[in-house]
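Engineer: Pasting a structure below so you can have a look.
The values are calculated or read from the model by the stated rules, or taken from the named source; none is laboratory data. Since we're looking at a predicted model, the values are computed, not measured. Because the Cβ atoms are built from the backbone with ideal geometry, glycine has one as well, and the counts that use them run over all protein chains shown.
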Amino acid sequence: MTKSGVHQLSSIIPFSFISQFDKKIRTFPLIFLLLSPVSVWIITETIFPQIVQAYTARVDLTIDRLPDEGYEAILRRAEMTARAAAQRSFDQDILVTDVSVIISVQSYGAIAPILTLGVSRQQWRTRPDPRRWATYYKYARSLLRFEQPSTPNPAAAVTIPTTSPEAGSQKPEVGGNTPVVPPAAGGQKPETGGI
């Protein structure tokens, strides 16, 4: 025995104002689902605020070597620059807890780091001295060619005109880049230094 039944339509009569409520009832869960995470987030942030995230500020600066400036003078200038950069980094952003400043020097085409200043805000507050917190690079002096003469000065090469008894009739050359060297005693050749 099987029953065969015909599906009958609902006995509810559709009214136009009822269909409007039906659409509104369907959109309410959608709006509720979209807005509920926002309200939960706001409540969570007011009850349990996030921990402040601090970070390290990194500053890379390059300074140029001035003419006739020695290594000690440029080292002091690099320390002053690092001090100013660290103080500026701490002053600009409250969330910065550490500062790392790298000072490089450019000298006649060569460039090399001369010092690194790494300091925390607390350390800087107690003692704002860059010499205390700086790390100096010992090979910077040679990399920046401070041991070598900076530029050859043609006025520094003095030509001394002398005549030897054997070369009385010859005149020494004057001018040019090669200085005239008097003959050495004992028939030995004089030692000349070259680059």
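Engineer: Here are T116, T44, T56, T126: which of them is exposed (fewer than 15 other Cβ atoms within 10 Å of the Cβ) and in contact with a strand residue (DSSP E or B) (Cβ under 6 Å, 6 or more places away or on another chain)? Talk me through it step by step, then tell me what you get.
Structural biologist: Values: T116 fails: exposed (fewer than 15 other Cβ atoms within 10 Å of the Cβ); T44 fails: in contact with a strand residue (DSSP E or B) (Cβ under 6 Å, 6 or more places away or on another chain); T126 fails: in contact with a strand residue (DSSP E or B) (Cβ under 6 Å, 6 or more places away or on another chain).
When all the criteria are applied, what remains is T56.
Engineer: Tally time: how many residues in the stretch 36-86 are hydrophobic (A, V, I, L, M, F, W, C), under 17 Å from T116 (Cα atoms) and either in contact with a Leu (Cβ under 7 Å, 6 or more places away or on another chain) or at pLDDT below 90 (or both)?
Structural biologist: Of the residues in the stretch 36-86, 4 are hydrophobic (A, V, I, L, M, F, W, C), under 17 Å from T116 (Cα atoms) and either in contact with a Leu (Cβ under 7 Å, 6 or more places away or on another chain) or at pLDDT below 90 (or both).
Engineer: Oh, and also: Has the stretch 86-106 got at least one residue that is more than 14 Å from the chain's Cα centre (by Cα), assigned to a strand (DSSP E or B) and within 14 Å of L61 (Cα to Cα)?
Structural biologist: Scanning the stretch 86-106 turns up at least one residue that is more than 14 Å from the chain's Cα centre (by Cα), assigned to a strand (DSSP E or B) and within 14 Å of L61 (Cα to Cα).
Engineer: Okay, moving on. Tell me which residues, restricted to the stretch 108-129, are at pLDDT 90 or above, of a type in the set (S, T, Y) and either under 19 Å from I63 (Cβ atoms) or in contact with an Asp or Glu (Cβ under 9 Å, 6 or more places away or on another chain) (or both).
Structural biologist: Residues satisfying the conditions are T116, S120.
Engineer: Just to be sure, is R145 touching a Phe, Trp or Tyr at 6+ places or on another chain (Cβ under 9 Å) and at pLDDT 90 or above? Give the derivation first.
Structural biologist: Values: touching a Phe, Trp or Tyr at 6+ places or on another chain (Cβ under 9 Å): yes; at pLDDT 90 or above: no.
When the stated conditions are applied, R145 does not pass them.
Engineer: Of the conditions (1) loosely packed, with under 14 Cβ neighbours inside 10 Å; (2) in a strand (DSSP E or B); (3) free of Cβ contacts under 8 Å to residues at least 40 places away in the same chain, R76 satisfies every one except a single condition; which number is it?
Structural biologist: (2) is the only condition that R76 fails.
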